[in-house]
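Accompanying notes for the structure given below.
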Amino acid sequence: MKGKKGLSLGRERKFEIKRKNRKKIEKSEVNRVAKEDKGFIRVHPSAVIGKNASIGRGTVVWAFAQVGEKAAVGKNCVLGNGCYIDRTCQVGDNVKVMNKALVYRGCGIGDNVFVGPGAVIANDKTPRVEKTREFDGVEWSIGEHATIGANATVLPDVNIGRNATVGAGSVVTAHVPDHGLAYGNPAKLHGFVCECGEKALLEKEGKETCLMKCSKCGKSFSVKSEDYKRIEK
Ligand SMILES: [Zn+2]
């Protein structure tokens, strides 16, 4: 994950107000406007942006979303209605965090990640009202181009690999390897998916790595043999 160069939110807020005065319709057509005008950050007036948070250019923050203090959100992201990015969280570029998804402190999100509606990335395995878990930067991550299905829960300290897919409603309690397809409660590895999201089939099994081929686009990629053996039959 790269360091994010965001703009001061104070400046963008002022910008938002200026736009609102100029053309009222823009407020209700945030997406359309963003497409036409990629360079600007759109923050709905009801969204709450914490102190020293940064948001990259082209990002749209929808109604009632909250970005915590010192969080860093990359470029061209969409933060859906009511979603929550906890303080100090780092979110890459081109990420979509859909409506009501909650991303808690300690988890970093790579570029091009899709977090489905209502998904929860939790951060405390043994929560108690009295305690607060301490963090020092990103401790675990959702790899680039991964997808977290709607309403899935990812437990703390669980890494989701690059290009992996977590099925809707899953409870992820163990790491998901790169390209892994995991679902269920607790989520098990059920196969591997291509970058395009479709299931891949085994092409060649090796001692160290297995070659997989996408059933749709034909693209090949390799996965570790030890991960391949984890597939639930
Ligand atoms: Zn494919």
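Spin-label model, E198 to S215: label points 7 Å out along the Cα-to-beta-carbon direction sit 1.0 nm apart. Between L189 and E232, the built amide H atoms are under 5 Å apart, and every one of these is 5 or more places off in sequence or on another chain. Modelled this way, with points 7 Å down the Cα-to-C-beta line, the labels at V138 and K233 are 3.8 nm from one another. Ranked by the mean number of other Cβ atoms within 10 Å per residue, highest first, peptides 194-200, 40-46 order as 40-46, 194-200. Proximity of backbone amide H atoms, modeled 1.01 Å from N, is registered between V48 and A65, Q66, V67 at under 5 Å, excluding neighbours fewer than 5 places apart on the same chain.
Sparse packing (at most 15 other Cβ atoms within 10 Å of the Cβ) combined with a DSSP loop state is found for the following GluC sites (Glu not before Pro) in segment 109-155: E130, E134, E139.
Along the Cα-to-C-beta direction of N151, a point sits 7 Å from the Cα; which residues of segment 166-189 have their amide N less than 19 Å from that point? Taking a point 7 Å out along Cα→Cβ of N151, the residues of segment 166-189 whose backbone N falls under 19 Å are 166-173, 182-188. With a cut-off of 14 Å between beta carbons, the residues surrounding G68 carry a summed charge of +2, where Lys and Arg count +1 and Asp and Glu -1.
Given K125/K199; K100/K125; K96/K199; K70/K224; K131/K229; K75/K233, which pairs have Cα atoms separated by over 28 Å?
Details: K125/K199 31 Å; K100/K125 21 Å; K96/K199 22 Å; K70/K224 36 Å; K131/K229 39 Å; K75/K233 40 Å.
Going by Cα-Cα distance, K125/K199; K70/K224; K131/K229; K75/K233 fall outside the 28 Å limit.
Evaluate the Kirkwood expression for the hydrodynamic radius of segment 175-233, namely the inverse of the mean inverse distance over all pairs of different C-alpha atoms, and round to one decimal in Å.
Result for segment 175-233, one decimal place: 11.3 Å.
Every number here is computed from the coordinates shown, using simple stated rules; none is lab data. The shown structure was predicted, so the numbers you read here are calculated from the model rather than taken from an experiment. Positions of Cβ are generated from backbone atoms using ideal geometry, with glycine treated the same way; all protein chains shown enter the neighbour counts.
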